[in-house]
Amino acid sequence: MAKNLGEWVDSDVRSRQEKGLKWLSEEYFFRDPARPIFSDSTYFFAPADGILLYQQTVMPDDPIVEIKGKAYSLRDAMRDPFYDHQSMVIGIFMTFFDVHVNRIPFAGRLWYEELEAIHTYNHPMLPVEKSLVQDLCINLNQAGYLHSNQRMINKIYAPELGQHYYVLQIADYDVDSITPFQLKQNRPFAQNQRFSQIRYGSQVDLIVPLRDPLTVRFRFVPNLEPGMHVEAGVDPLIQIEFPKSEFDRFLSQETSR
């Protein structure tokens, strides 16, 4: 379950910090623990294990974060100059001590595309990991990799919501290995089903477009604050709030299945 940064380091990291790099990289890193698969259509669950770096509602060109004075926007993140939706974006940093298997936050059909790094050389994520694990603080001035590194954009159409959302995977500079478990495009995935793995230090962002307030059928409300450690498929990140009439319609659909 979700823990603050200090609690997670004490319970999950300290006992393993003295282990050798060989054991950590060859045995511990590739673990894939069995987890119950929750299904609750009133939530988006965490797509990755890790620490919440940021949680913002932004326009496409607004800065999600400022990195050494340089803005990082949704269009930068998605490598899409034409993306035009106000969106809620939640960034999860996966440390070396986290499970690196990613899960689907909300049931839907998944289409994916690998995006090339902007620069010839990607940037390391280790400085951010050190600040999180050793200093117990979030220092996004060291997150230059957000502007540069190789990434995979996963676009998921959720029929129950009538819209798409996105899971953006960002790889570390020295491995660059994002491995989908299913190669077929537009394949249906259940909520919290495993869909991919990123090798070694990495980041996953959940991006949910927000509709015009005049036509909105529901609201997206974040559950947790930056600095919390979450587990994929276990911790709900966003609650979906329905107006009463829409919620009654939604419940009738659910019970008629």
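The numbers here are math on the coordinates, done by the rules we state, and not lab data. Computed from a predicted structure; not experimentally measured. Reconstructed Cβ throughout: ideal geometry from the backbone, glycine too, with neighbour counts over all protein chains shown.
For the chain, a Gaussian network of Cα nodes joined below 10 Å ranks Phe45, Phe29, Phe96 by mean-square fluctuation, and the top entry is Phe29.
Residue ranges 7-16, 46-55 sort as 46-55, 7-16 when ordered by packing (mean number of other C-beta atoms within 10 Å per residue, highest first).
Annotation for region 27-64 versus region 186-206: alpha-carbon center distance of 9 Å. Taking packing as the residue-averaged number of other Cβ atoms within 10 angstrom, the listed peptides 230-237, 177-184, 84-91 run from highest to lowest as 230-237, 84-91, 177-184.
Computed from Cα atoms, the angle from the helix 244-255 axis to the main principal axis of the chain rounds to 80 degrees. For the options Glu225, Glu18, Glu66, a Gaussian network treatment of the chain with springs between C-alpha atoms closer than 10 Å singles out Glu18 as fluctuating the most. From zero outward in steps of 10 Å, how is the percent of C-alpha pairs of region 131-229 spread across the bins? With 10 Å bins starting at 0, P(r) equals 11, 36, 34, 17, 1. The count of lysine pairs in region 3-255 with alpha-carbon distances below 27 Å, taking only pairs 8 or more places apart or on different chains, stands at 8. The trypsin sites (Lys or Arg not before Pro) of region 30-76 meeting both criteria, a DSSP state outside H, G, I, E and B (loop) and at most 12 other C-beta atoms within 10 angstrom of the site's C-beta, are Arg31, Lys68.
Computed about the Cα centre, the dipole magnitude for the chain is approximately 520 debye when only Lys and Arg (+1) and Asp and Glu (-1) carry charge, each at its Cβ. Counting only Cα atoms, region 3-255 measures 56, 39, 36 Å along its principal axes, largest extent leading. Comparing Asp205, Asp98, Asp135 in a Gaussian network model of the chain, where Cα atoms under 10 Å apart are tied by springs, the biggest mean-square fluctuation is seen for Asp135.
For the chain, averaging the sequence separation of C-alpha pairs within contact (under 8 Å, six or more residues apart) and dividing by the residue count gives a relative contact order of 28 percent.
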